[in-house]
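Here it is, the structure, as structure tokens.
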Amino acid sequence: MPDPKKPPSPEDLVRALFGVLTAGKQESPRVAALRKRIAERAARARRAGPAAPVRNPIVELPQPERSVMLPKIIVALVLSVVVYVLDATRPFAVPFLILALAVVFIIEGVRIIPQQEAWVVERLGRFHEVLEPGLRIIIPIVDRVAYKHSLKEVPFDVPEQVCITKDNTQLAVDGIVYYQVTDPRLASYGTSDYLMAITQLAQTTLRSEVGKMELDKTFESRDEINRQIVSVLDDAGRSWGVKVLRYEVKNLTPPEAILRAMQQQITAEREKRAVIAKSEGQRQEEINIADGAKQAAILTSEGEKAALINKAQGEATAIRVVAEANAAAIRAVAEALAGAGGMDAANLKVAEEYITAFGNLAKTGNTLILPSNLSDVAGLVGTAMTVLDRTKGGATAVAASPRGA
């Protein structure tokens, strides 16, 4: 700490000068009020439970710059007088005053504007120009930076509000709006607070749009609600130098009773779908079983039909083969009878068959029918040969009749 009895050194004077020059950068009442409002909203969010962090939009708001040029000049003059009063530093009083005033003018006249920001300059209380990003120079005392705007896209929460649907149901709705400053001049002078204007207009438009819909439709019409709100805000924001890019409905919260009723409705609908699905499954199962039985019966009948056809064809073929064999045998017998010794062979064959058949009579049954001339084998053979001769004569007559005709 410097001794009050000793004159201040030049280093102390420069340090005191820069301390005074950099002082006075106080927060504007508007920014302080906004900061207080954001703190209150964050406190409510913490009490309500865990949620997304609240964005601090102070850097995106227009901030009028308080001019501290005159206090700095006064301080420089006072310090120069102090330097002049002290005998040790009196020769440095005029250079010190010039240096102090030059430093004040440089600090007040040179401005470095960051990227994606625009500063509005007023000259003697009227709008003069908008400073673009980069190194810019203004005239101290005459010019002052009145507003600072961010040209970035900024998200801003729209507070929750209660809306009444078309079917008289209360619905708590909140959202988020994305805006961007496109004209810094209109954003500074078009409205006193474009954020408040956007928020109020978004809430009133939201109430109007929700009031046109029933409760069930509001949940499936978010895109339509968002488009309508963006359209209204964009039209109104043209005169404020602000373009509303998007609006999104975040939460649609009906009352607790409505939530319970909706849950019961959903449960009943799911049970209904389950019953319908079960009945459809049973119906399809029965159809499949009946169709399978039908196909099985058709295939079984076709198999039986094919088996009967094959059996009939086999029997017909067997009968035809047997008949052909009998015919061949008869032709062979006829040819043998027509040859030499044929009749004697026939007599012998008839006698053998007679004896064989008579020997088998007792094996096939208990009741026997015996001819009266059982002992006269020669008579029986003669009778058989007589029948054979008659048959042979008839066959010869039939064979000769076509030639006689």
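For the structure I just gave you, tell me whether Thr191 is over 29 Å from Gly241 (Cβ atoms) and modelled with pLDDT under 90.
No, not satisfied.
While we're on this one: For the subset of region 95-123 comprising residues that are out of contact with any Ser or Thr (no Cβ under 7 Å at 6 or more places or on another chain), outside any helix (DSSP H, G or I) and open to solvent by 40 Å² or more (accessible area, probe 1.4 Å), which member is nearest to Val145 (Cα to Cα)?
Arg123
Another question, if that's okay. Within region 128-150, which residues are part of a strand (DSSP E or B), more than 55 Å from the chain's Cα centre (by Cα) and aliphatic (A, V, I, L, M)?
The answer is Ile137, and nothing else.
Within region 194-226, take every residue that is charged (D, E, K, R) and either more than 30 Å from Gln265 (Cα to Cα) or assigned to a loop (DSSP other than H, G, I, E, B) (or both) and give me the one that is most open to solvent (accessible area, probe 1.4 Å).
The selected residue is Lys212.
Could you tell me how many of the residues in region 239-280 are touching a Ser or Thr at 6+ places or on another chain (Cβ under 9 Å) and open to solvent by 80 Å² or more (accessible area, probe 1.4 Å)?
Of the residues in that region, 1 qualify.
Does region 182-192 contain any residue that is small (Gly, Ala, Ser) and open to solvent by 20 Å² or more (accessible area, probe 1.4 Å)?
Checked against the condition, which is being small (Gly, Ala, Ser) and open to solvent by 20 Å² or more (accessible area, probe 1.4 Å), region 182-192 yields at least one hit.
OK, next. Suppose the filter is closer than 30 Å to Leu206 by Cα, among the aromatic types (Phe, Trp, Tyr) and surrounded by 12 or more Cβ atoms within 10 Å (Cβ to Cβ); does Phe156 pass it?
Yes, satisfied.
Would region 265-288 turn up any residue that is touching a residue at least 60 places away in the same chain (Cβ under 8 Å) and closer than 30 Å to Asp223 by Cα?
no
The values are calculated or read from the model by the stated rules, or taken from the named source; none is laboratory data. Computed from a prediction, not measured in an experiment: that's the story for all the values here. Using ideal geometry, Cβ is built from the backbone for each residue, glycine included, and neighbour counts are taken over all protein chains shown. These accessible areas exclude ligands, DNA and RNA; they are computed on the full protein's heavy atoms, side chains included. Shrake-Rupley method; radii C 1.70, N 1.55, O 1.52, S 1.80 Å.
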